[in-house]
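Nothing in this text is a laboratory measurement; each read-out follows from the coordinates by a stated rule. From a predicted model like this one, the values you see are computed outputs, not experimental measurements. FYI the Cβ positions are ideal-geometry reconstructions off the backbone, even for glycines, and counts take in every protein chain you see.
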Amino acid sequence: MATTSAIMENTVRIDPMDGRIGAMSATIAMPERAWGIVVFAHGGGNKFDVPRDRRLMDSLHDLGLATMLVDLYSSAEERVAKVTSKDRVDIALMADRLYVATDWIAHHSSNQDLKIGYLGTGAGAAAALQTAAERSDIAAVVSCNGLPALAGNALCDVAAATLLIVNENDMPVIEWNIPAYERLTRAYRRELATVSDAPHEIAQLAGRWFLRYLGAAAAANVQRNRMQRGTPTIKPR
């Protein structure tokens, strides 16, 4: 599924019907023969890290995966949260926005049938898992130094294959991830990996995870379409 084709980038505005959610700006990078898409879920004090995100995106593009960068919690909202003495970001609001962004992908790529995965950092990882718990079309989730425990009871309903990646030297984040891992009992597969936080190491782990589990979802869909069309499946001798 590797690709060396050119990447087309486009910035889109997503306007939800629900005014509470607010409009979102998202940047989509699409390889020519993309078969899946990974949504980068950031927010709540964990904004875009250009070198890290660029390496991750490049590695996913090489596998034939499109990417969408969407900020789920604005700087202005963070400032308001501090002024009002809120002790944490609004995970439910971030998850609602991610749900809407995912619907936008499904609507605008219906002819491509892209398999969808989430990559979350910080509180965005919790929003990704909370959204994945509510959707059957999310095949894989990767949390990079995230705070998945903030997803709460939703963790028990996540069916997507979930990989939690944490910096081996960041004990507070590791302690946030262990109980989250233990609650992912319904996930198709779950893993907790500690790394040196080297960008290339994170990119390799995330890339392999999406290739395996988004790829499996794509292959299953091809097989299902063949059966629906009555195309015979050739079995090896």
What's the exposure ranking of Ser109, Ser25, Ser136, going from fewest to most Cβ atoms within 10 Å? Ser136, Ser25, Ser109
Working out 0.36 nm times the residue gap between Ile174 and Ala23, then minus their Cα-Cα distance, what length gain in nm do you get to one decimal? 51.0 nm
Please give me the summed charge of the neighbours of Ile178: other residues whose Cβ is under 14 Å from its Cβ, Lys and Arg +1, Asp and Glu -1. -3
Please give me, ordered by residue number, the trypsin sites (Lys or Arg not before Pro) of the stretch 172-210 that lie in loop per DSSP and have at most 16 other Cβ atoms within 10 Å. Arg186, Arg189
What is the order of Cys156, Cys144, fewest Cβ neighbours within 10 Å to most? Cys156, Cys144
Counting other beta carbons within 10 Å of each Cβ, put Met24, Met8, Met94 in order, fewest first. Met8, Met24, Met94
Nearest-0.05 FRET efficiency for Arg13 and Ser196, computed from C-beta distance (R0 45 Å): 0.75
Neighbour net charge for Arg212 - beta-carbon separation under 13 angstrom, K R +1, D E -1: +2
How far apart, in nanometres, would the label points at Tyr188 and Gln112 be if each is projected 7 angstrom from Cα along the Cα-to-Cβ direction? 2.0 nm
Would you tally the net charge around Ala193, using a Cβ to Cβ cut-off of less than 10 Å, leaving Ala193 out, and scoring K and R as +1, D and E as -1? -3
